[in-house]
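Written below as structure tokens is the structure these notes are about.
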Amino acid sequence: MTPREQFIHDLSAILVKKGSLTEKNALEIQQAFEESPSDSFDAFLLDEGFVDREDLLAALSTYYNVPSFEAQGYFFDEILIRDFPKDVLLRHAVIPLKIESGILFLVAADPQESNLAVVLGHYTNAEMVFFVGLRESICDAVKEFYDISLMEEEQDEDLREEFEQERDAHRIVDSEDENEG
């Protein structure tokens with residue numbers, strides 16, 4: 001069994017044990033997922049309405065043996081997010097949550113990803129503690145943050161250009177006034 005197949009099997013078993021799915025449904029869902037274009041089993045479960053977010057987060061928490069965190073709607077600390085490149089956060093589906101007493105808390109779609117701590121260690125020297133979250137919610141939060149930051153930078157640039165144009169216009173007027181006087 002591949003790691004992906006093992007994940008699908010184990011997560012399905014957890015959902016059955018928690019009463020979110022029946023064994024028959026779990027097998028049918030696994031088959032439907034294999035035939036679907038979806039890359040992410042957890043996103044497939046949500047998108048198709050087989051489980052709700054709360055049940056899926058609880059199952060992921062059991063699977064990874066870490067607490068879960070719902071990233072959707074949470075306002076993340078922009079100072080922490082800026083410490084990490086957007087592409088790294090998106091590629092690994094991870095987002096920093098908070099830092100307390102030198103410990104960085106992060107939400108990751110796969111907190112057991114083999115090189116996740118090493119990759120993130122290039123951008124922080126804090127000890128890391130992971131929560132599990134939904135890939136789609138994490139990536140949406142990262143994109144939203146960086147899109148808003150980009151818009152703010154563009155607005156700042158527009159304001160700078162406007163200020164420079166006004167300043168240049170005043171210089172021309174002042175220069176003309178000096179020439180007339």
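Scanning the stretch 111-124 for residues that are surrounded by fewer than 18 Cβ atoms within 10 Å (Cβ to Cβ) and either closer than 27 Å to L11 by Cβ or among the aliphatic types (A, V, I, L, M) (or both) gives Q112, E113, S114, N115, A117, V118, V119.
One line per residue, one yes/no per condition, for (1) at pLDDT 95 or above; (2) crowded, with 16+ Cβ neighbours inside 10 Å; (3) touching a Pro at 6+ places or on another chain (Cβ under 8 Å):
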residue	(1), (2), (3)
T2	no, no, no
E5	no, no, no
L11	yes, yes, no
L15	yes, yes, no
G19	yes, no, no
E34	no, no, no
S38	no, no, no
D42	no, yes, no
L45	yes, yes, no
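When the stretch 13-27 is filtered for residues that are under 11 Å from F50 (Cα atoms) and in a helix (DSSP H, G or I), the ones remaining, listed by number, are L15, N25, A26.
The values are calculated or read from the model by the stated rules, or taken from the named source; none is laboratory data. If you're wondering where the values come from, they're calculated on a predicted model, not measured in any experiment. All Cβ positions, glycine included, derive from the backbone under ideal geometry; neighbour counts span all protein chains shown.
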